[in-house]
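Structure record follows, encoded as C-alpha coordinates.
The values are calculated or read from the model by the stated rules, or taken from the named source; none is laboratory data. Given the structure is predicted, the values throughout are model-derived calculations rather than measurements. Backbone-built Cβ (ideal geometry, glycine too); neighbour counts: all protein chains shown.
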Amino acid sequence: MSIEQLESIAQAMVAPGKGIIAIDESNTTIKKRFDGVGIECTEENRRAYREMLLTAPNLSDHISGAILYDETLRQSSRAGVPFTKIMLDNGILPGIKVDKGPQPLAGFPGEVVTEGLDGLRDRLKEYAQLGAKFAKWRAVINIGEDMPSSTCIEANCHALARYAALCQEAGIVPMVEPEVLMDGTHDLDVCYDVTEVTLRSLFASLYEQNVLLEGTILKASMVIAGKDCPDQASVDEVAEATVRCLKASVPASLPGIVFLSGGQSDEQATAHLNAMNQMGPHPWPLSFSYGRAMQSAALKLWSKDMAKNFADAQKTVAQRARENGLAALGQWKKSA
Ligand code: 5MM
(Lines give C-alpha, C1' and ligand atoms only; values in the text may rest on other atoms or scores of the structure.)
Protein backbone atom coordinates (compact mmCIF):
# COMPACT_ATOMS: atom_id res chain seq x y z
CA MET A 1 0.00 0.00 0.00
CA SER A 2 1.23 3.48 -0.86
CA ILE A 3 1.70 6.44 1.45
CA GLU A 4 -1.23 8.13 -0.33
CA GLN A 5 -3.51 5.19 0.47
CA LEU A 6 -2.58 5.30 4.18
CA GLU A 7 -3.23 9.04 4.19
CA SER A 8 -6.60 8.68 2.50
CA ILE A 9 -7.76 5.99 4.97
CA ALA A 10 -6.70 8.22 7.88
CA GLN A 11 -8.56 11.17 6.38
CA ALA A 12 -11.69 9.06 5.78
CA MET A 13 -11.67 8.03 9.45
CA VAL A 14 -12.09 11.66 10.49
CA ALA A 15 -14.31 12.86 7.62
CA PRO A 16 -16.47 15.86 8.63
CA GLY A 17 -19.28 14.88 10.99
CA LYS A 18 -18.09 11.28 11.29
CA GLY A 19 -16.33 9.27 13.98
CA ILE A 20 -15.53 5.76 15.13
CA ILE A 21 -17.50 3.27 17.18
CA ALA A 22 -15.22 1.23 19.46
CA ILE A 23 -16.62 -2.27 19.89
CA ASP A 24 -13.28 -3.98 20.44
CA GLU A 25 -13.93 -5.21 23.96
CA SER A 26 -11.86 -8.29 24.72
CA ASN A 27 -13.92 -11.26 25.96
CA THR A 28 -13.09 -10.36 29.57
CA THR A 29 -14.34 -6.79 29.14
CA ILE A 30 -17.50 -7.67 27.18
CA LYS A 31 -18.29 -10.23 29.88
CA LYS A 32 -18.24 -7.40 32.44
CA ARG A 33 -20.58 -5.34 30.24
CA PHE A 34 -22.91 -8.32 29.66
CA ASP A 35 -22.85 -9.23 33.37
CA GLY A 36 -23.99 -5.67 34.10
CA VAL A 37 -27.20 -6.21 32.09
CA GLY A 38 -27.72 -9.91 32.79
CA ILE A 39 -26.65 -11.38 29.43
CA GLU A 40 -24.70 -14.62 29.27
CA CYS A 41 -21.30 -14.09 27.63
CA THR A 42 -21.47 -16.80 24.96
CA GLU A 43 -19.84 -16.55 21.54
CA GLU A 44 -23.30 -16.43 19.91
CA ASN A 45 -24.50 -13.60 22.16
CA ARG A 46 -21.33 -11.64 21.44
CA ARG A 47 -21.87 -12.20 17.70
CA ALA A 48 -25.56 -11.26 17.87
CA TYR A 49 -24.81 -8.11 19.83
CA ARG A 50 -22.14 -6.96 17.41
CA GLU A 51 -24.47 -7.75 14.48
CA MET A 52 -27.15 -5.56 16.04
CA LEU A 53 -24.66 -2.67 16.28
CA LEU A 54 -22.93 -3.06 12.91
CA THR A 55 -26.16 -3.40 10.90
CA ALA A 56 -27.98 -0.47 12.52
CA PRO A 57 -29.71 1.48 9.71
CA ASN A 58 -28.09 4.84 8.88
CA LEU A 59 -25.12 4.12 11.16
CA SER A 60 -22.70 5.06 8.37
CA ASP A 61 -24.19 8.58 8.16
CA HIS A 62 -22.02 9.44 11.17
CA ILE A 63 -19.70 6.45 11.59
CA SER A 64 -16.59 6.13 9.42
CA GLY A 65 -15.17 3.02 11.06
CA ALA A 66 -15.58 0.43 13.80
CA ILE A 67 -12.84 -1.11 15.92
CA LEU A 68 -13.36 -4.85 16.27
CA TYR A 69 -11.87 -7.57 18.45
CA ASP A 70 -10.12 -10.54 16.78
CA GLU A 71 -13.16 -12.81 17.27
CA THR A 72 -15.54 -10.24 15.75
CA LEU A 73 -13.37 -9.62 12.68
CA ARG A 74 -13.83 -13.31 11.80
CA GLN A 75 -17.60 -13.43 12.46
CA SER A 76 -20.57 -13.12 10.11
CA SER A 77 -24.18 -12.02 10.30
CA ARG A 78 -26.91 -14.56 11.04
CA ALA A 79 -27.45 -14.74 7.27
CA GLY A 80 -23.79 -15.72 6.82
CA VAL A 81 -22.37 -12.47 5.44
CA PRO A 82 -18.94 -11.60 6.96
CA PHE A 83 -19.10 -8.49 9.14
CA THR A 84 -16.18 -7.02 7.20
CA LYS A 85 -18.16 -7.28 3.95
CA ILE A 86 -21.25 -5.70 5.51
CA MET A 87 -19.10 -2.86 6.80
CA LEU A 88 -17.15 -2.22 3.60
CA ASP A 89 -20.36 -2.39 1.49
CA ASN A 90 -21.81 0.19 3.84
CA GLY A 91 -18.82 2.55 3.85
CA ILE A 92 -17.68 1.66 7.38
CA LEU A 93 -13.94 0.93 7.64
CA PRO A 94 -13.07 -2.23 9.60
CA GLY A 95 -10.53 -1.64 12.37
CA ILE A 96 -8.88 -4.19 14.66
CA LYS A 97 -7.56 -4.01 18.21
CA VAL A 98 -4.13 -5.64 18.10
CA ASP A 99 -2.71 -5.05 21.57
CA LYS A 100 -2.74 -7.88 24.09
CA GLY A 101 -3.64 -5.67 27.01
CA PRO A 102 -1.79 -4.03 29.90
CA GLN A 103 0.46 -6.07 32.21
CA PRO A 104 2.20 -4.98 35.43
CA LEU A 105 5.41 -3.03 34.70
CA ALA A 106 8.20 -4.85 36.53
CA GLY A 107 9.84 -2.68 39.17
CA PHE A 108 7.03 -0.09 39.15
CA PRO A 109 4.18 -1.21 41.42
CA GLY A 110 0.79 0.10 40.27
CA GLU A 111 1.93 0.85 36.73
CA VAL A 112 1.27 -1.12 33.56
CA VAL A 113 2.73 -1.55 30.10
CA THR A 114 0.76 -2.82 27.12
CA GLU A 115 2.00 -6.03 25.53
CA GLY A 116 1.50 -7.57 22.09
CA LEU A 117 4.52 -6.77 19.90
CA ASP A 118 5.75 -10.38 19.58
CA GLY A 119 4.41 -11.87 16.34
CA LEU A 120 2.61 -8.62 15.49
CA ARG A 121 4.04 -8.41 11.95
CA ASP A 122 2.41 -11.76 11.03
CA ARG A 123 -0.85 -10.93 12.77
CA LEU A 124 -1.09 -7.61 10.91
CA LYS A 125 -0.50 -9.37 7.59
CA GLU A 126 -3.45 -11.65 8.31
CA TYR A 127 -5.66 -8.80 9.54
CA ALA A 128 -4.98 -6.87 6.32
CA GLN A 129 -6.04 -9.95 4.32
CA LEU A 130 -9.20 -10.18 6.41
CA GLY A 131 -10.06 -6.57 5.46
CA ALA A 132 -8.77 -4.45 8.35
CA LYS A 133 -7.92 -0.91 7.22
CA PHE A 134 -6.83 0.46 10.57
CA ALA A 135 -5.69 -0.90 13.92
CA LYS A 136 -5.70 0.20 17.52
CA TRP A 137 -3.28 -0.19 20.45
CA ARG A 138 -4.18 1.18 23.87
CA ALA A 139 -1.63 2.17 26.51
CA VAL A 140 -2.88 2.86 30.03
CA ILE A 141 -1.39 5.61 32.17
CA ASN A 142 -2.44 5.68 35.82
CA ILE A 143 -2.31 8.85 37.90
CA GLY A 144 -1.51 8.37 41.60
CA GLU A 145 1.10 9.09 44.22
CA ASP A 146 4.44 9.34 42.36
CA MET A 147 2.69 8.07 39.22
CA PRO A 148 3.10 7.99 36.33
CA SER A 149 6.85 7.44 36.27
CA SER A 150 8.82 8.56 33.23
CA THR A 151 9.79 4.90 32.80
CA CYS A 152 6.14 3.90 32.44
CA ILE A 153 5.40 6.68 29.96
CA GLU A 154 8.49 5.93 27.86
CA ALA A 155 7.94 2.14 27.85
CA ASN A 156 4.35 2.59 26.68
CA CYS A 157 5.20 5.20 24.04
CA HIS A 158 8.04 3.08 22.70
CA ALA A 159 5.64 0.14 22.29
CA LEU A 160 3.00 2.38 20.66
CA ALA A 161 5.59 3.62 18.15
CA ARG A 162 6.87 0.10 17.34
CA TYR A 163 3.26 -1.00 16.79
CA ALA A 164 2.54 2.03 14.59
CA ALA A 165 5.58 1.39 12.38
CA LEU A 166 4.58 -2.27 11.93
CA CYS A 167 1.02 -1.23 11.01
CA GLN A 168 2.20 1.13 8.29
CA GLU A 169 4.54 -1.53 6.91
CA ALA A 170 1.44 -3.77 6.57
CA GLY A 171 -0.62 -1.02 4.91
CA ILE A 172 -2.78 -0.47 7.98
CA VAL A 173 -3.39 2.95 9.57
CA PRO A 174 -2.34 2.90 13.24
CA MET A 175 -4.61 4.50 15.80
CA VAL A 176 -2.39 5.26 18.79
CA GLU A 177 -4.23 5.43 22.10
CA PRO A 178 -2.41 6.58 25.24
CA GLU A 179 -5.27 6.65 27.75
CA VAL A 180 -4.69 8.72 30.88
CA LEU A 181 -7.21 7.12 33.24
CA MET A 182 -9.92 9.12 34.99
CA ASP A 183 -9.56 7.01 38.16
CA GLY A 184 -8.37 9.00 41.17
CA THR A 185 -8.73 12.21 43.12
CA HIS A 186 -6.39 14.32 40.96
CA ASP A 187 -7.62 17.62 39.57
CA LEU A 188 -7.77 18.95 36.02
CA ASP A 189 -4.29 20.55 36.21
CA VAL A 190 -2.64 17.26 37.15
CA CYS A 191 -4.42 15.52 34.27
CA TYR A 192 -3.23 18.31 31.96
CA ASP A 193 0.42 17.86 32.98
CA VAL A 194 0.36 14.06 32.68
CA THR A 195 -1.42 14.19 29.31
CA GLU A 196 1.03 16.75 27.94
CA VAL A 197 4.12 14.80 29.04
CA THR A 198 2.61 11.58 27.64
CA LEU A 199 1.74 13.08 24.26
CA ARG A 200 5.13 14.74 23.88
CA SER A 201 6.82 11.44 24.64
CA LEU A 202 4.50 9.65 22.19
CA PHE A 203 5.27 11.99 19.30
CA ALA A 204 9.01 11.86 20.05
CA SER A 205 8.81 8.04 19.89
CA LEU A 206 6.77 8.07 16.67
CA TYR A 207 9.42 10.33 15.13
CA GLU A 208 12.24 8.04 16.35
CA GLN A 209 10.53 5.00 14.77
CA ASN A 210 9.99 6.72 11.37
CA VAL A 211 6.20 6.64 11.67
CA LEU A 212 4.40 8.69 9.03
CA LEU A 213 2.19 11.07 11.01
CA GLU A 214 0.03 11.80 7.95
CA GLY A 215 -1.04 8.14 8.07
CA THR A 216 -1.68 7.96 11.83
CA ILE A 217 -4.68 8.81 14.02
CA LEU A 218 -4.43 9.77 17.71
CA LYS A 219 -7.04 8.40 20.08
CA ALA A 220 -6.76 10.70 23.08
CA SER A 221 -8.26 10.99 26.52
CA MET A 222 -9.71 14.36 27.46
CA VAL A 223 -8.10 16.59 30.08
CA ILE A 224 -10.55 16.06 32.92
CA ALA A 225 -10.49 15.89 36.72
CA GLY A 226 -10.26 12.44 38.33
CA LYS A 227 -13.60 10.73 39.06
CA ASP A 228 -13.12 11.18 42.81
CA CYS A 229 -11.88 14.77 42.71
CA PRO A 230 -14.26 17.01 44.66
CA ASP A 231 -13.52 19.87 42.26
CA GLN A 232 -15.07 18.83 38.92
CA ALA A 233 -14.43 21.18 35.99
CA SER A 234 -17.19 22.61 33.78
CA VAL A 235 -17.76 21.46 30.19
CA ASP A 236 -16.02 24.56 28.85
CA GLU A 237 -13.06 24.16 31.22
CA VAL A 238 -12.52 20.55 30.09
CA ALA A 239 -12.83 21.56 26.44
CA GLU A 240 -10.46 24.52 26.80
CA ALA A 241 -7.82 22.54 28.73
CA THR A 242 -7.99 19.61 26.30
CA VAL A 243 -7.57 21.79 23.22
CA ARG A 244 -4.74 23.75 24.87
CA CYS A 245 -2.95 20.53 25.81
CA LEU A 246 -3.31 19.06 22.32
CA LYS A 247 -2.02 22.25 20.69
CA ALA A 248 1.03 22.13 22.98
CA SER A 249 1.92 18.55 22.11
CA VAL A 250 0.42 17.25 18.84
CA PRO A 251 1.98 18.12 15.45
CA ALA A 252 -0.34 19.76 12.94
CA SER A 253 0.56 17.16 10.30
CA LEU A 254 -1.59 14.56 12.07
CA PRO A 255 -4.80 14.03 10.03
CA GLY A 256 -7.09 13.82 13.06
CA ILE A 257 -7.70 13.22 16.74
CA VAL A 258 -10.54 11.09 18.11
CA PHE A 259 -11.44 10.85 21.78
CA LEU A 260 -12.26 7.94 24.04
CA SER A 261 -15.09 8.42 26.53
CA GLY A 262 -13.26 6.82 29.47
CA GLY A 263 -16.26 6.43 31.77
CA GLN A 264 -17.91 9.81 31.11
CA SER A 265 -21.69 9.77 30.78
CA ASP A 266 -23.09 9.76 27.25
CA GLU A 267 -24.13 13.38 27.52
CA GLN A 268 -20.81 14.56 29.00
CA ALA A 269 -18.80 12.86 26.26
CA THR A 270 -20.94 14.51 23.57
CA ALA A 271 -21.01 17.92 25.30
CA HIS A 272 -17.22 18.01 25.74
CA LEU A 273 -16.59 17.16 22.07
CA ASN A 274 -19.14 19.71 20.95
CA ALA A 275 -17.61 22.45 23.13
CA MET A 276 -14.14 21.74 21.76
CA ASN A 277 -15.37 22.04 18.19
CA GLN A 278 -17.20 25.25 18.96
CA MET A 279 -13.82 26.67 20.01
CA GLY A 280 -12.36 25.88 16.56
CA PRO A 281 -11.02 25.93 13.96
CA HIS A 282 -8.21 23.67 15.18
CA PRO A 283 -5.16 22.26 13.37
CA TRP A 284 -6.89 18.83 13.11
CA PRO A 285 -10.47 17.51 12.99
CA LEU A 286 -11.57 16.52 16.51
CA SER A 287 -13.98 13.61 16.55
CA PHE A 288 -14.92 10.55 18.62
CA SER A 289 -13.97 6.91 19.04
CA TYR A 290 -16.30 6.13 21.91
CA GLY A 291 -16.95 2.68 23.32
CA ARG A 292 -19.23 2.97 26.33
CA ALA A 293 -20.60 6.41 25.38
CA MET A 294 -21.73 4.97 22.03
CA GLN A 295 -23.05 1.63 23.21
CA SER A 296 -24.37 1.69 26.76
CA ALA A 297 -27.94 2.85 26.05
CA ALA A 298 -28.34 0.39 23.16
CA LEU A 299 -26.90 -2.49 25.19
CA LYS A 300 -29.31 -1.80 28.03
CA LEU A 301 -32.32 -1.81 25.71
CA TRP A 302 -31.21 -4.87 23.72
CA SER A 303 -30.56 -6.85 26.92
CA LYS A 304 -34.18 -6.50 28.02
CA ASP A 305 -35.49 -8.42 25.00
CA MET A 306 -32.96 -9.21 22.29
CA ALA A 307 -35.55 -10.02 19.60
CA LYS A 308 -38.28 -7.51 20.41
CA ASN A 309 -35.92 -4.58 21.09
CA PHE A 310 -33.52 -5.30 18.20
CA ALA A 311 -34.74 -2.44 15.98
CA ASP A 312 -35.08 0.04 18.86
CA ALA A 313 -31.59 -0.77 20.11
CA GLN A 314 -30.32 -0.11 16.56
CA LYS A 315 -32.14 3.23 16.52
CA THR A 316 -30.53 4.07 19.87
CA VAL A 317 -26.98 3.44 18.67
CA ALA A 318 -27.67 5.33 15.42
CA GLN A 319 -28.98 8.25 17.49
CA ARG A 320 -25.79 8.28 19.61
CA ALA A 321 -23.80 8.30 16.35
CA ARG A 322 -25.88 11.22 15.09
CA GLU A 323 -25.39 13.23 18.29
CA ASN A 324 -21.65 12.63 18.34
CA GLY A 325 -21.43 13.37 14.61
CA LEU A 326 -23.08 16.74 15.27
CA ALA A 327 -20.68 17.32 18.19
CA ALA A 328 -17.77 16.63 15.82
CA LEU A 329 -19.03 19.65 13.86
CA GLY A 330 -19.79 21.74 16.95
CA GLN A 331 -23.49 21.64 16.02
CA TRP A 332 -24.93 19.48 18.82
CA LYS A 333 -27.64 20.92 21.04
CA LYS A 334 -28.57 19.50 24.41
CA SER A 335 -32.16 18.25 24.25
CA ALA A 336 -34.44 19.87 26.79
C1 5MM B 1 -14.28 -0.92 23.85
O2 5MM B 1 -13.26 -1.13 24.82
C3 5MM B 1 -11.93 -1.20 24.31
C4 5MM B 1 -11.25 -2.47 24.64
O5 5MM B 1 -11.04 -2.61 26.00
P6 5MM B 1 -10.30 -3.94 26.58
O7 5MM B 1 -9.01 -4.10 25.87
O8 5MM B 1 -10.14 -3.57 28.03
O9 5MM B 1 -11.21 -5.08 26.42
C10 5MM B 1 -11.15 0.05 24.77
O11 5MM B 1 -9.81 0.04 24.38
C12 5MM B 1 -11.84 1.23 24.16
O13 5MM B 1 -11.69 1.19 22.76
C14 5MM B 1 -11.31 2.55 24.64
O15 5MM B 1 -10.89 2.53 25.97
C16 5MM B 1 -12.41 3.58 24.50
O17 5MM B 1 -13.57 3.12 25.14
P18 5MM B 1 -14.41 4.13 26.03
O19 5MM B 1 -15.53 3.30 26.59
O20 5MM B 1 -13.47 4.64 27.07
O21 5MM B 1 -14.87 5.21 25.06
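Some notes on this structure:
- Among the residues of segment 286-336, those that are outside any helix (DSSP H, G or I), within 16 Å of ALA269 (Cα to Cα) and touching a residue at least 40 places away in the same chain (Cβ under 8 Å) comprise LEU286, SER287, PHE288, SER289, TYR290, GLY291, ALA328, LEU329, GLY330, GLN331, TRP332, LYS334.
- Looking only at segment 90-131, and only at residues there that are acidic (Asp, Glu) and farther than 26 Å from GLU7 by Cβ, the one that is nearest to the ligand (Cβ to nearest atom): GLU115
- Qualifying residue in segment 314-336 (condition: within 16 Å of the ligand (Cβ to nearest atom), hydrophobic (A, V, I, L, M, F, W, C), buried (at least 19 other Cβ atoms within 10 Å of the Cβ) and over 29 Å from LEU213 (Cα atoms)): yes
- Residue check, ALA139 under 16 Å from the mean Cα position of the chain (by Cα), part of a helix (DSSP H, G or I) and at pLDDT 95 or above: no
- Residue in segment 173-191 that is hydroxyl-bearing (Ser, Thr, Tyr) and closer than 24 Å to PRO251 by Cβ present: no
- Given (1) surrounded by 13 or more Cβ atoms within 10 Å (Cβ to Cβ); (2) more than 16 Å from the ligand (Cβ to nearest atom), index of the condition GLU71 fails: (2)
- Residues that are within 16 Å of the ligand (Cβ to nearest atom), among the aliphatic types (A, V, I, L, M) and assigned to a helix (DSSP H, G or I), drawn from segment 23-51: ILE30, VAL37
- Answer from SER76, SER60 - the residue that is over 25 Å from LYS219 (Cα atoms), without any contact (Cβ under 8 Å) to a residue 40 or more places away in the chain and away from the ligand (no atom under 12 Å from the Cβ): SER76
- Test: residue in segment 261-271 that is away from the ligand (no atom under 15 Å from the Cβ), in a loop (DSSP other than H, G, I, E, B) and either surrounded by fewer than 17 Cβ atoms within 10 Å (Cβ to Cβ) or aromatic (Phe, Trp, Tyr) (or both): no
- Verdict on ALA106 being of a type in the set (Gly, Ala, Ser) and closer than 30 Å to PRO82 by Cα: no
- Residues located in segment 172-193, provided they are surrounded by fewer than 22 Cβ atoms within 10 Å (Cβ to Cβ), more than 26 Å from ARG121 (Cβ to Cβ) and either within 16 Å of the ligand (Cβ to nearest atom) or within 20 Å of the chain's Cα centre (by Cα) (or both): LEU181, MET182, ASP183, GLY184, TYR192
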